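> Here it is: the structure, laid out below.
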Amino acid sequence: MSKDHSEHSNIQSPKVPSSTNDQAIGRFKKLQQKNISVDTIFKSILTKDATALSKGITLIESTQKNHWSKAQQLIEKCLPYANNSVRIGITGVPGVGKSTFIEALGNILIQKGKKVAVLAVDPSSTISRGSILGDKTRMESLVRSKEAFIRPSPSGSSLGGVAQKTRESIILCEAAGYDVIIIETVGVGQSETAVHSMVDFFLLLKLAGAGDELQGIKRGIIEMADAIVINKADGDNEKRAREAKNQFRKALHLYPLAESSWSPEVLTCSALKNIGIEDIWELILKYLDITSKNGFFDKNRMEQNKFWLLQTIEEQLKSSFYNNPKIKEALATQIKAIQQHKITPFAAARYLLELSKD
């Protein structure tokens with residue numbers, strides 16, 4: 001909307017960044033075209049065309065049934081050109097500085113001749129809100145780089161669905177020549193597990209002096225982390241960061257050596273002042289070297305493929321079960337019978353499962 005028009009209009013626009021809104025509307029309109037040429041998108045992706053990559057990911061994210069087969073065709077075409085990147089997962093509590101850290105790391109990688117794609121897993125985000133949209137506006141220098149691609153998370157209430165779309169998007173990004181894929185989890189809990197199951201290296205960002213250390217030690221997330229990085233280690237916070245680093249190092253000694261034969265390390269950095277970021281990349285390279293030589297890298301990716309195969313089957317079975325008209329009707333009846341103590345939950349479940357086979 002132009003300035004003149006907005007001044008003379010009595011209709012207030014929704015509080016959505018205009019660029020974000022325009023992009024979303026543009027993607028939606030393009031998907032409304034009846035004839036989306038999968039081959040054209042695929043060939044353009046191979047030429048490293050970021051616009052084509054966006055179109056391809058939008059196709060993957062579409063919930064329209066007629067787009068599903070086209071999305072699968074595109075993924076299959078891109079698959080032979082995929083699996084050639086380093087996939088890095090980054091997680092941390094809100095306010096830990098993930099967006100600043102990702103921008104600092106991304107800029108260093110681009111200086112080293114890398115092409116960087118940033119994706120997110122966030123089942124709570126929508127077109128008008130969600131951390132990654134804000135992150136994109138904050139990553140000002142990274143978003144301007146032709147060697148970087150930043151993609152907001154698809155909105156949706158199902159973590160499984162959002163994570164699956166993100167994992168499929170990785171394939172397209174790799175086919176487009178992005179050799180470092182950064183997956184950010186902006187949700188909590190299960191989203192961390194989902195991201196861990198699609199990356200090669202999982203990095204946990206922490207803060208010092210924020211009451212976050214002990215909580216982190218208790219959580220299972222520590223077991224998934226290949227590195228813990230204490231961010232904002234500058235100024236008055238530098239001493240606290242060193243103390244937090246020692247705390248985490250002691251905590252990590254309590255865990256047995258991982259199957260990868262890698263001992264997670266703890267580093268400090270200041271993403272804002274670009275201190276310690278280079279050391280973190282060197283640590284990731286060290287990890288990749290060790291796990292490539294001992295065979296864990298390839299084994300881990302195979303296990304991840306198996307995980308997503310089983311996960312997808314479970315999602316599809318669950319969806320088919322609950323969308324079955326007979327089940328929908330019978331489920332309400334069985335719940336009422338359970339509440340009236342006429343049947344046990346287990347017997348009701350067996351009855352419904354048998355009914356779904358008919």
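> Which members of the stretch 317-358 meet the condition of being of a type in the set (S, T, N, Q), surrounded by 11 or more Cβ atoms within 10 Å (Cβ to Cβ) and at pLDDT below 95? Talk me through it step by step, then tell me what you get.
Let us first name the residues in the stretch 317-358 that are of a type in the set (S, T, N, Q), namely 319-320, 323-324, 333-334, 339-340, 344, 356.
Next, only the ones that are surrounded by 11 or more Cβ atoms within 10 Å (Cβ to Cβ) stay: 319-320, 324, 333-334, 344, 356.
Passing the criteria: S319, S320, N324, S356.
> When the stretch 84-101 is examined, which residues are found to be touching a Leu at 6+ places or on another chain (Cβ under 9 Å) and of a type in the set (D, E, K, R)?
K98
> Here's something else I'd like to know. L172 is checked against (1) within 18 Å of the chain's Cα centre (by Cα); (2) surrounded by fewer than 24 Cβ atoms within 10 Å (Cβ to Cβ); (3) at pLDDT 85 or above and fails just one. What number does that condition carry?
Just one mismatch for L172, condition (2).
> On the basis of being modelled with pLDDT under 90, crowded, with 18+ Cβ neighbours inside 10 Å and not aliphatic (A, V, I, L, M), does G92 make the cut?
Working: modelled with pLDDT under 90: yes; crowded, with 18+ Cβ neighbours inside 10 Å: yes; not aliphatic (A, V, I, L, M): yes.
Yes: the conditions hold for G92.
> Exactly one of (1) modelled with pLDDT of 95 or more; (2) farther than 30 Å from D358 by Cβ is unmet by N305. Its number?
The single condition N305 does not satisfy is (1).
> While we're looking at this one, here's another question. For the subset of the stretch 266-302 comprising residues that are hydrophobic (A, V, I, L, M, F, W, C), in a loop (DSSP other than H, G, I, E, B) and touching a strand residue (DSSP E or B) at 6+ places or on another chain (Cβ under 7 Å), which member is nearest to K98 (Cα to Cα)? Explain how you work it out, then say what you get.
Of the residues in the stretch 266-302, the ones hydrophobic (A, V, I, L, M, F, W, C) are 266-267, 269, 271-272, 275, 277, 280-281, 283-285, 288, 290, 296-297, 302.
Those left that are additionally in a loop (DSSP other than H, G, I, E, B): 269, 271-272.
Narrowing the set further to residues that are touching a strand residue (DSSP E or B) at 6+ places or on another chain (Cβ under 7 Å) leaves 269, 271.
Details: C269: 12, A271: 9 Å.
Looking at residues that are hydrophobic (A, V, I, L, M, F, W, C), in a loop (DSSP other than H, G, I, E, B) and touching a strand residue (DSSP E or B) at 6+ places or on another chain (Cβ under 7 Å), I get A271.
> Still on this model: Which numbered condition in (1) at pLDDT 95 or above; (2) at positive phi is the only one that I280 fails?
Failed condition: (2).
> Let me ask another. Looking at the stretch 336-358, which of its residues are part of a helix (DSSP H, G or I), more than 36 Å from the chain's Cα centre (by Cα) and among the aliphatic types (A, V, I, L, M)?
Listed by number, the residues that qualify are A337, I338, A347, A348, L355.
> Select the helices (runs of 4 or more DSSP H) contained entirely in the stretch 41-111, then report the ones holding at least 1 residues which are in contact with a strand residue (DSSP E or B) (Cβ under 9 Å, 6 or more places away or on another chain) and in the same structural domain as M224 (by TED's automatic domain parsing). Give the steps one after another, and end with the answer.
Details: elements: 50-61, 65-78, 98-111.
Result: 98-111.
> Looking at T63, T100, which is the one that is over 22 Å from V199 (Cα atoms) and of a type in the set (S, T, N, Q)?
Numbers: T100 fails: over 22 Å from V199 (Cα atoms).
Just a single option satisfies the conditions, and that option is T63.
> When you go through A227, A241 one by one, which is the residue that is modelled with pLDDT of 90 or more, under 21 Å from the mean Cα position of the chain (by Cα) and hydrophobic (A, V, I, L, M, F, W, C)? Please lay out each step first, then the result.
Details: A241 fails: under 21 Å from the mean Cα position of the chain (by Cα).
From the options A227, A241, the qualifying one is A227.
> What are the residues in the stretch 264-279 that are over 17 Å from N246 (Cα atoms), among the acidic types (D, E) and buried (at least 18 other Cβ atoms within 10 Å of the Cβ), if any?
Selection gives nothing.
> Please enumerate the residues belonging to the stretch 280-304 that are closer than 26 Å to E238 by Cβ and either loosely packed, with under 14 Cβ neighbours inside 10 Å or outside the structural domain of V96 (by TED's automatic domain parsing) (or both).
As a first pass, look at the stretch 280-304 and keep what is closer than 26 Å to E238 by Cβ: 280-287.
E282, L285, K286 - these are the residues of the stretch 280-304 that are closer than 26 Å to E238 by Cβ and either loosely packed, with under 14 Cβ neighbours inside 10 Å or outside the structural domain of V96 (by TED's automatic domain parsing) (or both).
The values are calculated or read from the model by the stated rules, or taken from the named source; none is laboratory data. Not measured: the values here are computed from a predicted model. Every residue, glycine as well, gets a Cβ built from its backbone with ideal geometry; the counts of neighbours run over all protein chains shown.
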